[in-house]
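This report concerns only the one structure given below.
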Amino acid sequence: MRLFTHELRGELLLYVRSRELAFFTFLLPMIFFVLLGSTYGNDTVDGVRGSDFLLAGMIGYGAISIAFAGLAIVLVIRRESGILKRLRATPLPAGAYVAAVLGAFLTAFAVEVAALILLGKVLFGIPAPDRIGSLVLALLLGAIAFCALGIAVASLIKSAEGASAVVNAIYLPASFIAGAFFSPEHFPSVLQAIADVLPLTYFLRLVRNVMLHGQDIWSQGTNVAVLAAWGVAGVIVALRAFRWEPHEG
């Protein structure tokens, strides 16, 4: 635990000091929330106020941005630069290191959720969520699932130069198709078919049902099961393909 605590503190410092990582994974969802909320926040989207709809969407976007994209890019860069290989030669257990990295990214996501809810309250008058317990469980499930998928994708990317391009090509289109920014109700049938298999779609449904419709997490078996299945798939791929040594050089 002492090693884990020390490493977690270091990982949090690294996250905060990385300006690009902090901006694109932490601040950008809040910027999108303010801009889009000012644009259609008073409209009605899927039967709810636009700002309320967008708040849940930006929480979902924050989850895939931090827990999936940010984590995957960091792991690939550290692996290809030899950092992970050198860490394996230290007394720090592999499990403690992985737990500390995940803890840092989960902490960043938790802070972002709190900041988004506060922004929604101050700027758009969005009330605080009622089902706090269900919301916390939903957010934790989604964040863990996206972390598992992030590690899986990092395991399949071969070069540090291609990490950002590959990850952005996955999570940015997925965010739009799943409905983080706009309602997918009027999307073409092809995009709706793609959305039906994306884990972010089910995470957004889960969060919106809890935040906007007052549903408990245990009443949403399909959303929970699909999201958990994606997480398990990510863990399986990560266990099979993850490596500490760089592919290049």
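Brief remarks follow.
- Qualifying residue in the stretch 113-121 (condition: basic (Lys, Arg) and either within 23 Å of residue 31 (Cβ to Cβ) or outside any loop (DSSP other than H, G, I, E, B) (or both)): yes
- Of all the criteria given as (1) assigned to a helix (DSSP H, G or I); (2) within 18 Å of residue 30 (Cβ to Cβ), the one not satisfied by residue 76 is (2).
- The stretch 70-89, subset free of Cβ contacts under 8 Å to residues at least 40 places away in the same chain and in contact with a helix residue (DSSP H, G or I) (Cβ under 9 Å, 6 or more places away or on another chain), residue surrounded by the most Cβ atoms within 10 Å (Cβ to Cβ): 78
- Per this entry, residue 39 is not counted among residues that are over 19 Å from residue 144 (Cβ atoms), open to solvent by 30 Å² or more (accessible area, probe 1.4 Å), without any contact (Cβ under 8 Å) to a residue 40 or more places away in the chain and not in a helix (DSSP H, G or I).
- Within the stretch 198-214, tally of residues that are open to solvent by 60 Å² or more (accessible area, probe 1.4 Å) and either modelled with pLDDT of 95 or more or over 21 Å from residue 61 (Cα atoms) (or both): 1
- Residue tally, condition surrounded by 19 or more Cβ atoms within 10 Å (Cβ to Cβ) and within 17 Å of residue 204 (Cα to Cα), over the stretch 14-31: 1
- Annotation: of all residues in the stretch 122-146 being hydrophobic (A, V, I, L, M, F, W, C) and not in a helix (DSSP H, G or I), the one that is surrounded by the most Cβ atoms within 10 Å (Cβ to Cβ) is 126.
- The residues of the stretch 189-198 that are outside any loop (DSSP other than H, G, I, E, B) and not β-branched (Val, Ile, Thr), listed by number, are 189, 191, 192, 193, 195.
- Answer residue from the stretch 90-112, given it is among the β-branched types (Val, Ile, Thr) and assigned to a helix (DSSP H, G or I) and is least open to solvent (accessible area, probe 1.4 Å) among those: 101
- Residues of the stretch 147-188 classified as more than 30 Å from residue 41 (Cα to Cα), open to solvent by 20 Å² or more (accessible area, probe 1.4 Å) and outside any loop (DSSP other than H, G, I, E, B), total: 7
The values are calculated or read from the model by the stated rules, or taken from the named source; none is laboratory data. Treat the numbers as computed from the prediction; the structure is a model and nothing was measured. Cβ: placed from backbone, ideal geometry, glycine included. Neighbour counts: every protein chain shown. To get the accessible areas, we keep the full protein, side chains included, count just its heavy atoms, and leave off ligands, DNA and RNA. Shrake-Rupley method; radii C 1.70, N 1.55, O 1.52, S 1.80 Å.
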